[in-house]
Amino acid sequence: MQILVTNDDGIAAPGIKALAEALHSLGNVTVVAPDRERSAAGHSLTLHAPLRVFELRPGWFAVDGTPTDCVNMGIHSLLNTRPDLVVSGINHGGNMGDDITYSGTVAAAMEANLMGIPAIAISLATHTPSERFPDAARVALQVATALTQQQLPEDTFLNVNVPNLPFEQIGPPQITRQGRRSFVGTIIDKVDPRGRKYFWIGSEEPRLLDDEGTDFHAVGQGNVSITPLHLDLTNYRSMAALRQWPLITG
Ligand code: MN
């Protein structure tokens, strides 16, 4: 089995190392990852600049592009055969609720799914320094193994979030839906050493809408959350109402 591993924290991040090591027992792992942190790159694709690839060691390729670029490079150029599975992560920080459209980790799995390849995004739900990546990598191996043994609808990929706990203390996986968070955005506004103003997008502690059944709730309870995702953002519930607009009915 051929497995492509990528991330958005960059090829030097501890999460991708733990992930690649854990997945070795499942197949032949090739790492194609950004050469630096590209968190919050979303589904960005580099179209107006060339991409450079550096093979750091056998099977480990750094690309000066986004996670989506890495999936494209891996599948269409660097791997000799089409991968059977793409796993993105392990991200340092949860990718839950509304945050997932910013996420390069999730977008990489989405890109693989668009190409018809089974894909998993996996994140460790903490923003503090953590030693728990090998623990989360054991969860990644469990989910990856299950995915290779089961069938999912073609348009579906998995978004997995793991609590920051020792493996033995992590609760069983819960199938979840996206929660919401009410994001209290702040722009930090300062002056640089040259006397010019600069701005930095910050955030205060988000207020989570973590009802039972959501990703936030499951991880908050110490369980693994597995949310099946697809790219179709259509709001089907609104289509009938929109068809009644005078604009449409004349
Ligand atoms: Mn990241």
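Observations on the structure shown:
- Looking only at the range 21-33, and only at residues there that are open to solvent by less than 70 Å² (accessible area, probe 1.4 Å) and in contact (Cβ under 8 Å) with a residue 40 or more places away in the chain, the one that is nearest to the ligand (Cβ to nearest atom): 32
- Hey, residue 81 among the β-branched types (Val, Ile, Thr) and under 30 Å from residue 142 (Cβ atoms) or not: yes
- Residues satisfying the stated conditions in the range 74-122, i.e. under 18 Å from residue 206 (Cα atoms) and either polar (S, T, N, Q) or more than 15 Å from the ligand (Cβ to nearest atom) (or both): 95, 97, 98, 101, 103
- Filtered residue count, the range 68-108, keeping only those that are at pLDDT below 95 and on the phi > 0 side of the Ramachandran plot: 1
- Taking the range 144-215 as the region of interest, the strands (runs of 3 or more DSSP E) fully inside it that hold 3 or more residues being open to solvent by 50 Å² or more (accessible area, probe 1.4 Å) are 171-175, 185-191, 197-203, 207-209.
- Any chance residue 6 is of a type in the set (Val, Ile, Thr) and open to solvent by less than 50 Å² (accessible area, probe 1.4 Å): yes
- Top-ranked residue of the range 123-147 - restricted to ones that are farther than 17 Å from residue 227 by Cα and touching a residue at least 60 places away in the same chain (Cβ under 8 Å), ranked as nearest to the ligand (Cβ to nearest atom): 133
- Applying the criterion of at least 3 residues that are within 19 Å of residue 39 (Cα to Cα) and either of a type in the set (Val, Ile, Thr) or within 12 Å of the chain's Cα centre (by Cα) (or both) to the strands (runs of 3 or more DSSP E) found wholly in the range 58-125 leaves 85-92, 119-124.
The values are calculated or read from the model by the stated rules, or taken from the named source; none is laboratory data. All values reported here derive from a predicted model rather than from experimental measurement. Neighbour counts are summed over all protein chains in view; Cβ atoms, including those assigned to glycine, are modelled from backbone coordinates with ideal geometry. Quick note on the areas: whole protein, heavy atoms, side chains included, nothing else; ligands and nucleic acids left out. Shrake-Rupley method; radii C 1.70, N 1.55, O 1.52, S 1.80 Å.
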